[in-house]
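Structure record follows, encoded as structure tokens.
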Amino acid sequence: MTTTSASELPHRIAGDLTERLTRLDEAAARVRVAADDEAIHDLRVVTRRLDAALRLWRPFLGGARRRARRRLRRLRRALGPVRELEVDVVRVRALRPRLDPEPAVAAEHLLVGLERRLERSRRDAARAASAVRVVRVRRAIERALRNTERRVAEEPRPMGRLSATIFAAREQARAALAEAMRTGDDAGLHGARIAVKRLRYAIETLGPAEGEAALARRARDLQHALGDVHDTALLRDRIGRRVRRLREHGADVGAAALGPLIELVEASRREALAAAREQAERLETRGHDRGLSVVARTGAEPV
């Protein structure tokens, strides 16, 4: 980690948030013009990373930080269902060739409906990512940055305060992960993914101390594995809802034809969960001085 002194910290905070706002502008513009299939995903990642920075720098920002976070959260939630459709379309396309003819036809009907919904939803996403909404986030963050220098000066151990934030994120990730791995519950696994993601983003925002770069990489791998678990669970549930609707309308044959697709999705979820368990074990135990048990940050002031 490049050591940042207390006198340099206000400039570091302002520079970090300004750079992230530029990325927000660029990512939102891509969504508005439907530039590519990853535009919505990338905008959601940018909003998460910007939110993580606002969480990390919180002690040195003004109250407008909360307004910025609320606006980012609303934008991210508006884009969430669209991204879920994108992921589901890709996954159903990949699984369809593995089905027998009759289930493959049922999967094709499902896919056509998903693609139609996705087309409409992408237009909604373009409106959600409006330039006006992005400007409001920028203005809130610019207000939050006022008096940052004074707030840093008033904090006895500013770098120690940030170190404590990283430590708290580690503890939250450890607790969430232990419970999720114990129960295998979808909601718990999703919560663990969020906690691991927050830890990773906090480390990457502040800059990894000795041993933390490897921790951040393993957190990234675990985050992706837990993401696969979450995505397959959502698709399984989406198909399950379609099966129930078909049965309600007396289309029992069509409902039954989707059974093999559900089985493939559930098998994919089990594989993803096994991979996540392996990654979680690696994150926790690989090197006593470099896993989740790390407490101290080299060069950080004591707290």
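Figures for the structure shown
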{"item": "Residue within region 22-38 that is aliphatic (A, V, I, L, M) and at positive phi present", "result": "yes"}
{"item": "Any hit, region 124-132, residues being in contact (Cβ under 8 Å) with a residue 24 or more places away in the chain, loosely packed, with under 15 Cβ neighbours inside 10 Å and within 29 Å of Arg12 (Cα to Cα)", "result": "yes"}
{"item": "Of all residues making up region 128-170, the number that are small (Gly, Ala, Ser) and over 30 Å from Ala34 (Cβ atoms)", "result": "7"}
{"item": "Which numbered condition Ala106 misses (of (1) farther than 28 Å from Glu26 by Cβ; (2) small (Gly, Ala, Ser); (3) without any contact (Cβ under 8 Å) to a residue 40 or more places away in the chain)", "result": "(3)"}
{"item": "Residue in region 228-244 that is under 30 Å from Asp16 (Cα atoms) and without any contact (Cβ under 8 Å) to a residue 12 or more places away in the chain present", "result": "no"}
{"item": "Those helices (runs of 4 or more DSSP H) lying entirely in region 113-229 with at least 1 residues over 23 Å from the mean Cα position of the chain (by Cα)", "result": "131-144, 148-154, 158-183"}
{"item": "Matching entry among Ala68, Ala78, Ala52, Ala27 (being of a type in the set (Gly, Ala, Ser), assigned by TED's automatic domain parsing to the domain that holds Glu142, part of a helix (DSSP H, G or I) and touching a Phe, Trp or Tyr at 6+ places or on another chain (Cβ under 9 Å))", "result": "Ala52"}
{"item": "Residues within region 91-114 that are surrounded by 14 or more Cβ atoms within 10 Å (Cβ to Cβ) and either out of contact with any helix residue (DSSP H, G or I) (no Cβ under 9 Å at 6 or more places or on another chain) or within 19 Å of His41 (Cα to Cα) (or both), tallied", "result": "4"}
{"item": "For Ile203: the one exception among (1) without any contact (Cβ under 8 Å) to a residue 60 or more places away in the chain; (2) at positive phi; (3) not basic (Lys, Arg)", "result": "(2)"}
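The values are calculated or read from the model by the stated rules, or taken from the named source; none is laboratory data. These numbers were taken from a predicted model, which means no experiment stands behind them. Methodologically, a virtual Cβ is constructed for each residue, glycine included, from the backbone with ideal geometry; neighbour enumeration extends over all protein chains shown.
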